[in-house]
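Notes follow once the structure below has been shown.
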Amino acid sequence: MLELMELLRADPDDQGLRTAALLRRSRPFDKELQIAGLVHRLERLLRLSDGTVTVGVAAESIRPLLGERVARLVRLQSPDRPAGADVGHHDGYSDGDDAEAVATLCQARDSAAAAGLDAGVLEDWQPLLELVAAGSCRAASPGNALDPLGPPKGPKGSRGSSVPDGAW
């Protein structure tokens, strides 16, 4: 989480912060969409060893921490996404499952680029990032339908982190 916060601080014009603030106003109950708006510019902040970066790399880098839906929204909203890319079924979803959310994210992204909106500070978003990350970890763990904290400690499952080492 600390590495993600450091990357987000590197956004020179706070467009991710402004996008998330616009989404908080228009879709207050869709926390994953708001977080996708906050992190949607990661492709510009990450660099591969050869200096290139793709939205796919950015989406995959946040998947372990923020979950399938946030990663998918980040991937699908990219204006650099090749036509026809990611069409069909991925992660058990079709692209149409979140078509409205992607359209809303794109609209907020474009509005945030032009707006002089005061979006607050990044630290205000850390509790929501942690909430979405915790929900993602629980959702990725099978058997959590009845117990939101997961299975009891013991040989069949511990309550340790399901986020791999080195993932944010």
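Laid out as a table, the results:
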read-out	value
Complete set of residues in region 45-72 that are at pLDDT 75 or above and either open to solvent by 30 Å² or more (accessible area, probe 1.4 Å) or over 22 Å from residue 128 (Cβ atoms) (or both)	56, 57, 60, 61, 63, 64, 68, 69
Residue identified as under 19 Å from residue 19 (Cα atoms), more than 20 Å from the chain's Cα centre (by Cα) and modelled with pLDDT of 55 or more among 118, 124, 80, 110	118
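The values are calculated or read from the model by the stated rules, or taken from the named source; none is laboratory data. Every value quoted in this text rests on a predicted model; they were computed, and no experiment measured them. Positions of Cβ are generated from backbone atoms using ideal geometry, with glycine treated the same way; all protein chains shown enter the neighbour counts. Heavy atoms of the whole protein, side chains included, go into the accessibility calculation; ligands, DNA and RNA do not. Shrake-Rupley method; radii C 1.70, N 1.55, O 1.52, S 1.80 Å.
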